[in-house]
1. Using amide H atoms built in the peptide plane, which far-off residues or other-chain residues are under 5 Å from MET251 H to H?
2. For the residues CYS138, CYS165, CYS187, what sequence is obtained by ranking on other C-beta atoms within 10 Å, fewest first?
3. Using C-alpha positions alone, give me the convex hull volume of region 81-315 per residue in cubic angstrom.
4. Long-range amide H contacts for PHE88: which residues qualify at under 5 Å (H placed 1.01 Å from N, peptide plane, sequence gap of 5 or more or a different chain)?
5. Along region 190-202, what does the Karplus equation 6.51 cos²θ - 1.76 cosθ + 1.60 (θ = phi - 60°) give for ³J(HN,Hα), rounded to whole Hz, x for Gly and Pro?
Amino acid sequence: MHTTKSFKKAYWALGRSVFLSKVQLLYETRLDLKSGSIMLLAMSVYHIVARLGVFRVQAMLNGGTFRIFLGNADVSDIDLVTPYHEYFNIKLADTDELRDRVFRLRYDVYCRELGWEDPDDFPDGREIDEFDETSIHCLLIHRPSGRDAGAVRLVRPGPDSPEPCLPLLAHYDPALFNSEQNPLKQCKGCFGEISRLALREQFRRRPGERDSPDGHGPELFDWTMDDRRRFPHIALGLYLAAATVGLAEGMTSVYAMMEPRLARHLHFGGIYFEPVGEAIEFRGARAPFHISRPMLFGHLTPPLLALLEAIAEDLGVQV
């Protein structure tokens, strides 16, 4: 039990430190030498650090006290743009043909792979709802294979859009909002919602990710060394794409209905989505979050800022 708690504390300490420039003493605890728990914890933490591929780690044992040190954890030189360009391309689905590919991909993910929607409701094999007409769609293409890998949309209600004007408002009790930044307090036309993010099954590649349409699983930034030589996390690029589109449209806020743990993992990378309401049960625990231009650019790490700019260039938009 003590080992499990110690491991969890070390894990979250590591997570909080992922995108800091320098870390000294990360974690310290007293452990039972006879139980072998020191070796177990050391191996577990080393495994996490190796998979992140960012830090140098040093574990020290002095008088029964186990200490974990991280040094020179400077991530400013991590290159996310080169592997992104090598493996993926994000396009605005601004033609009927490209939008058709988005809707068919969503049908495959939501109806066939996850079973979240009834295939009989979409006899033409395209998953479409009432918000698609007022949405901007992005399509993620896997360069080596030429296959459509994922999609996301930004719902952009206009001043005269009927209620509910956002997907989250169709499933969320307004009484649960607890922030003045909630969409009901904003003027229509100045906000949008990131919605319907979907990745094909083969790109939801790690255990635990295949049951989630965005594939983030429990550890969004839990990258393997091989992943870091490629694009570190596909869903992250789609979230950035949708946020980029919103900024280019001049929106002051972009909302997303997401799992609180996903918001925490995005926070690690400097993507600060702020909650505007309580969590509800909707295919897992989910809560409404928002992000603004100052929140995004005020915290985004240099590697992710470079990635955002590369995605904006692919989309042909200015942020």
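1. none
2. CYS187, CYS165, CYS138
3. Per residue, the Cα convex hull of region 81-315 comes to 121 Å³.
4. Those lying under 5 Å, H to H, from PHE88 are ARG143.
5. 10, 9, x, 9, 6, 8, 6, 6, 9, 10, 5, 4, 5
Every number here is computed from the coordinates shown, using simple stated rules; none is lab data. This structure is a prediction, so every number in the text was calculated from the model and none was measured. All Cβ positions, even for glycine, are placed from backbone atoms using ideal geometry, and neighbour counts span all protein chains on display.
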